[in-house]
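See below for the structure under consideration.
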Amino acid sequence: MTVRNSHWVALFSQLFVLSASVVLFMIPIYLLWSHITYEQNHLSNYKPHVVALILARGGSKGIPRKNLAIIQNTTLLRRSLDTINDCGLFHDVWVSTDDKEIAAEAELAGAKVFHRSAETASDKATSLSAVKEFSMYHQKVDIFAIIQCTSPFMTAEYLTRAYKMAVYQKFESVFSVTRSHKLRWKLGSDGQLQPSNFDVSKRPRRQDWDGEYVENGMFYFAHKNLIVNNKLQGGKLGVVVIPMNRSLEIDTQFDLQAARLLAPLLDKPKNVTDRIKEIAKNS
């Protein structure tokens, strides 16, 4: 009887050891599976940190203080900030400037102000250098939406399209373009004119080709890895095609006057609430 009991005890001991071994073996597998599942869920629900950034230095030469020029009783800067706010998709809205008056106008519109250095606000500085400077102080940003406030007819719809392409369709760079059907010529190395984008023996009719994409500077969405590598564009590229009548970019006094004439035709009608706010602001 004692022998039989010892046999059962030994059997149960072996079963217990086996069960414990299985449990100990499964624990790290379960933990690994839980970690992988968590990471997958985190990645599937993760939305990159996207900021809107307007570069608005005070020393513009063609039109002095161009960013504060008035169209329809509103500064160019405020028009752009209002459109960005209407879009409502960005984590933060920033204005990078070296100018106190521009900074004050930005804050009135609810934007945050980044105080740009004299070096990146000089006549010779590039836009990319200003974006890189901003990125150094904002390491958490994944995508920069660099928006030009001298494109007065930008809409929230255009920004939304670009945002979705950059965030959901994984384009590394998205920028605004205008479709052009112009036939271009250039000087060859021998000093002679030659066609640049067509064959003179087969001159295309406008309806026979899709034309070309021309940057209009309205906005550039760029992933952080591009900015770090001194690029605004690269990787998987996408464009938002802007109609010609909304592609005006203000560089000269003529452009500004043209924008003032176009604005009553292109701006959406304001509702009663907007009109009351405008009257209160100007009173």
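Rundown of residues vs (1) modelled with pLDDT of 95 or more; (2) assigned to a helix (DSSP H, G or I); (3) open to solvent by less than 50 Å² (accessible area, probe 1.4 Å); (4) hydrophobic (A, V, I, L, M, F, W, C), yes/no style:
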position: Ala20; (1), (2), (3), (4): no, yes, yes, yes
position: Leu31; (1), (2), (3), (4): no, yes, no, yes
position: Lys47; (1), (2), (3), (4): no, no, no, no
position: Thr83; (1), (2), (3), (4): yes, yes, yes, no
Qualifying residues in the stretch 180-199 (those that are out of contact with any strand residue (DSSP E or B) (no Cβ under 9 Å at 6 or more places or on another chain), of a type outside the set (D, E, K, R) and open to solvent by 100 Å² or more (accessible area, probe 1.4 Å)) - the one farthest from Ser127 (Cα to Cα):
Gln192
Taking the stretch 56-72 and the residues there that are among the aliphatic types (A, V, I, L, M) and modelled with pLDDT of 90 or more, the one that is nearest to Cys149 (Cα to Cα) would be Ala56
Can Asp142 be described as farther than 24 Å from Ala259 by Cα and modelled with pLDDT under 95?
no
Within the stretch 214-227, can one find any residue that is more than 14 Å from the chain's Cα centre (by Cα), modelled with pLDDT of 95 or more and of a type in the set (Val, Ile, Thr)?
yes
Taking the stretch 116-128 on its own, how many of its residues are closer than 15 Å to Asn229 by Cα and part of a loop (DSSP other than H, G, I, E, B)?
1
Count of residues meeting criterion [out of contact with any strand residue (DSSP E or B) (no Cβ under 8 Å at 6 or more places or on another chain) and buried (at least 19 other Cβ atoms within 10 Å of the Cβ)] in the stretch 88-108
1
Residue set Val141, Val113, Val131; condition β-branched (Val, Ile, Thr) and either assigned to a strand (DSSP E or B) or on the phi > 0 side of the Ramachandran plot (or both); output residue Val113
Can you name the condition, by its number, that Arg161 falls short on among (1) in contact (Cβ under 8 Å) with a residue 60 or more places away in the chain; (2) outside any loop (DSSP other than H, G, I, E, B); (3) open to solvent by less than 40 Å² (accessible area, probe 1.4 Å)?
(3)
State all residues of the stretch 110-139 that are buried (at least 20 other Cβ atoms within 10 Å of the Cβ), more than 18 Å from the chain's Cα centre (by Cα) and either closer than 12 Å to Ala52 by Cβ or among the polar types (S, T, N, Q) (or both); if no residue qualifies, say none.
Thr120
Going by the conditions given, is Leu265 part of a helix (DSSP H, G or I) and either in contact with a His (Cβ under 6 Å, 6 or more places away or on another chain) or open to solvent by 90 Å² or more (accessible area, probe 1.4 Å) (or both)?
yes
Can you list residue pairs whose Cβ atoms sit under 9 Å apart, with the first residue in the stretch 200-228 being open to solvent by 40 Å² or more (accessible area, probe 1.4 Å) and the second being acidic (Asp, Glu)? Count only pairs 6 or more apart in sequence or on different chains.
His223/Asp142; His223/Glu172; Lys224/Asp142; Asn225/Glu172
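The values are calculated or read from the model by the stated rules, or taken from the named source; none is laboratory data. Just so you know, these numbers come straight off a predicted model, no measurement behind them. Every residue, glycine as well, gets a Cβ built from its backbone with ideal geometry; the counts of neighbours run over all protein chains shown. Please note that ligands, DNA and RNA were not included when accessible areas were found on the heavy atoms of the full protein model with its side chains. Shrake-Rupley method; radii C 1.70, N 1.55, O 1.52, S 1.80 Å.
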